[in-house]
Amino acid sequence: MIEIKDLTVRFGGVTPLAEMTLTFESGTCGLIGPNGAGKTTFFNVLSGFVKPHAGSVRAFGEDLLSMPHFRRARWGLRRTFQTEQAIEELSIYENVAMVHEHSKRGRAARREEVLAAIEFVGLDGDPATRVGTLGARDRRLVEVARAVVGEPRLVLLDEPAAGLPDEETEHLSSVIRAIPGHTGALVILVDHDMSLVSACCGVTAVLDFGIVIASGPTAEVLRDANVMRAYLGTEELV
Amino acid sequence: MADSNVATRSRSSLRAAARLSRRDAINLLVVAGGVLFVLLALPSLLTPYWVVTSTSAVTFMIVALGLGLLVGRVGMISLGQGAVLALGAWVGARLLFATALPYPIVLVMTGLITMVLGTMIGLPALRVSGLYLALVTLMLAGAITVVLVDTNFPNGGSGFLGYADQSTGTPPSIRRPSIAESDPAFFRYVVIVALLMFLLALWHIRGKPGRAWAAIRQSEPAALAAGVNVTVYKMWAFALASFVTGIAGALLGSASHVLYAYTFPTSQSIVLFAVVLMGGVYTLFGAVIAGVLLQVIPGAFTVWGIPSEWATILFGVGVLQVLTTAPAGIAHQLPSDLARLGRFLFGVARRRIPAGGRAP
């Protein structure tokens, strides 16, 4: 469970997040909104790259914002980025093991857990393959494997399906749906692909210009008139 | 069932990878053969002049190794490594004059002291990167050179600086290990030290620090998100690079017996960077090539009666060639060119002597 209260971020005169208040209970939760709505800024606050002006984030009862950023991985925070970040010169195994060795103490079960994560995302090639030689889909899956290894508690996925063709998105979608059951983590999914969000997320929140304009069961949220307006840019009715 | 098959397959292939891959085994054989040749045969094949030049070449391989770690592994451009080398030479000479400790212990002590000093030079890397880091480290190197010109290198004098103004007579020489007093013996000694430094670097690269450095080089935010303490690992790289460079400095002092400040100009750091790029920063073999280029080419120029400084022109052209045609350096270019040449010759031979006795 993650509770965000009055989270405000300011860059000079711009306010990418304005008193964002939101609670996600468990499972896979969606966070959608038009470009520039503040979704990635929100992730950057959780990662510790952006210091909020005001507000608090409590995740599983702990104050996330008071932790140094590199410590958050050890706490159980994982994320993927809009741009691919799997390390090209390392192998699949090393990519995942790297996250494990910096986020979890004890190396006894490392090999098993790393291989389990690679297997979980459905990468069935040789784990010693260099990531730079993989295709786009497999590189994405390596990133997801990095996000699920070593007892994550909060997994942030930033447009994981960007640039993937539909049939590959389908596999990714089934992997994302399985993360909460497999790891017990709360997953927050940001994506523009509404079919992916509807398929994965029980609940969804919508951001527009840094303000939460709707949240609730995904199907209802997607039908909400304000959400349609935010996305389609319809004239103000009131 | 299918899942467990996949798991077994991936596990067994990983175990195979954890053992020696065929490529690794070939590399190991080639390296072992090369090192044995250099240790056993090379000194007796070379003239005294070339033994001395080769000793510097191997020493500079260690320096190139340190800089290659920073540039190739972590992506930090330091133009201060020439100054770190000078610091290592100063510390090494001072310790060798001041103590009668066994040579390997002096080497390690020099490495550790230079590590502390060199890591301080690396501190700006926590705030700036790229061109600005290069500039800041270059200015620091300039500052160190200026101080060294004033204090001079230790020559057996008293006091902290250990320098005595001796206008007459030969200054006392910086000692060598008792088992390697002669030039060929010292050459072998330096080769073994270099080998140990390369193994130290390899151990880091293949382990947790190497993976963390690869993550930092690809993207700092992603490395942070993966739990890498970027500050610690950047400083770790500077510490390791300074450690090996400090040891190279100590060897340099013993090699020439006497050190002068003018042999460590600030510009050396820039030439060093260019040649390390030429050799190739992404493999350890690149550092070997860089060491050879740095010392053997000027050495050859001297023999041919060309001023050795002209090598800088060659390095300038060389670095342009490498950057435009083979960003991974000669270490990458050479094997692939040789392979292409091999295929070409093989193809010519096949056409000359067609299989089955009939020309195609």
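I'd like the per residue volume of the convex hull spanned by the Cα atoms of chain B, given in cubic angstrom.
207 Å³
So for each of B:95-102, B:109-116, B:224-231 I average, over its residues, the number of other beta carbons within 10 Å; can you give me the resulting order with the highest mean first? Walk me through the numbers on the way to the answer.
Values: B:95-102: 14.9, B:109-116: 21.5, B:224-231: 23.0.
Ranked from most to least packed, the peptides come out as B:224-231, B:109-116, B:95-102.
Give the angle, between 0 and 90 degrees and rounded to the nearest 10, that separates the Cα long axis of helix A:136-148 from the longest principal axis of the Cα atoms of chain A.
Result, in degrees: 90.
Quick check on the protein assembly as shown: of the DSSP beta bridges with both residues there, what percent are antiparallel, nearest 5%?
Taking every DSSP beta bridge with both residues in the protein assembly as shown, the antiparallel ones total about 55 percent.
So between residue B:338 and residue B:178, what do we pick up on full extension, going 0.36 nm a residue minus the alpha carbon distance? Before the final figure, lay out each step's value.
Values: separation 160, 0.36 × 160 = 57.60 nm, distance 4.19 nm.
Taking 0.36 nm per residue and subtracting the Cα distance, the gain is 53.4 nm.
When you look at the Cβ of every residue in A:85-98, what mean number of other chain Cβ atoms sits within 10 Å?
5
Taking the Cβ of residue B:55 as the center, what net charge do the other residues with Cβ under 11 Å away carry, scoring Lys and Arg +1 and Asp and Glu -1?
Values: positive: B:176, B:188; negative: B:183.
In short, +1.
List residues of the stretch A:122-149, by number, whose backbone nitrogen lies under 18 Å from a label position 7 Å along Cα→C-beta of residue B:208.
A:149
Each residue of the stretch A:21-34 in turn: what ³J(HN,Hα) in whole Hz from Karplus with 6.51, -1.76, 1.60 and θ = phi - 60°, glycine and Pro shown as x?
10, 7, 10, 10, 7, 6, x, 9, 10, x, 9, 10, x, x
Amide H neighbours of residue A:203 under 5 Å, counting only residues 5+ apart in sequence or on other chains, H built in-plane at 1.01 Å?
A:30, A:218
Rg/Rh for the stretch B:128-258 to two decimals, with Rh computed the Kirkwood way over all alpha-carbon pairs.
Result: Rg/Rh = 1.09.
Once every Cα of the protein assembly as shown carries one equal point scatterer and solvent is ignored, give the base-10 log of I(q)/I(0) from the Debye formula at q = 0.12 Å⁻¹, two decimals.
-1.16
Hey, what number do you get for chain B at 222 nm if only DSSP H runs of n ≥ 4 count, each worth -39500 (n - 2.57), divided across all residues, to the nearest 500?
Computed mean residue ellipticity for chain B: -24000 deg cm²/dmol.
Among A:21-32, A:146-157, B:312-323, how do they line up by average Cβ neighbours within 10 Å per residue, starting with the highest?
Per-residue Cβ counts within 10 Å, averaged per peptide and sorted highest first, yield A:146-157, A:21-32, B:312-323.
Roughly how many nanometres apart are two label points built 7 Å out from the Cα toward the Cβ at residue B:150 and residue A:8?
The modelled label-to-label distance comes out at 5.3 nm.
How big is the convex hull of the Cα atoms of the stretch B:114-173, per residue, in Å³? Numbers along the way, then the final one.
Details: hull volume 6.4 nm³, N = 60.
Convex hull of Cα atoms, per residue: 106 Å³.
Under the Karplus relation 6.51 cos²θ - 1.76 cosθ + 1.60, θ = phi - 60°, what is the ordered set of whole-Hz ³J(HN,Hα) values for the stretch B:109-125, x standing for Gly and Pro?
Per residue, the Karplus-derived 3J(HN,Hα) values read 4, 4, x, 5, 5, 5, 4, 5, 5, x, 5, 5, 4, x, 3, x, 4 Hz.
Any idea what angle helix B:22-36 forms with the longest principal axis of chain B, computed on alpha-carbon atoms, 0 to 90 degrees, nearest 10?
Helix B:22-36 sits at roughly 40 degrees to that axis.
Using only Cα atoms and rounding to the nearest 10 degrees, what angle (0 to 90) does helix B:2-18 make with the longest principal axis of chain B?
Computed tilt is about 40 degrees.
So for chain B, averaging the separation of alpha carbon pairs under 8 Å that are six or more residues apart and normalising by length, what relative contact order in percent results?
Computed over chain B, the figure is 28 percent.
Working out 0.36 nm times the residue gap between residue B:123 and residue B:256, then minus their Cα-Cα distance, what length gain in nm do you get to one decimal?
44.7 nm
Near residue A:69, within a Cβ-to-Cβ distance under 12 Å, what is the net charge of the other residues, with Lys and Arg +1 and Asp and Glu -1?
Summing Lys/Arg as +1 and Asp/Glu as -1 gives +4.
Enter the mean number of other protein chain beta carbons within 10 Å of the beta carbon of each residue in B:190-196, as an integer.
Rounded to a whole number, the mean comes out at 0.
Starting from the Cα of residue A:53, step 7 Å toward the Cβ, then list every residue of the stretch A:177-221 with an amide N under 14 Å from that point.
Under 14 Å, as judged by backbone N against the label point of residue A:53, lie A:210-211 of the stretch A:177-221.
Can you check what the Kirkwood hydrodynamic radius comes to for chain A, Cα pairs only, in Å to one decimal?
Taking every pair of different Cα atoms in chain A, averaging 1/r and inverting gives 18.3 Å.
How well do other chains shield peptide A:108-114, expressed as the mean number of their Cβ atoms within 10 Å of each residue Cβ?
Shielding by partners across A:108-114 averages 1.
Only the coordinates and a few stated rules stand behind these numbers; no lab work does. Just so we're clear, the structure is a prediction, and the values are computed from it rather than from any experiment. Glycine gets a Cβ as well: all are built from the backbone with ideal geometry, and neighbour counts include every protein chain shown.
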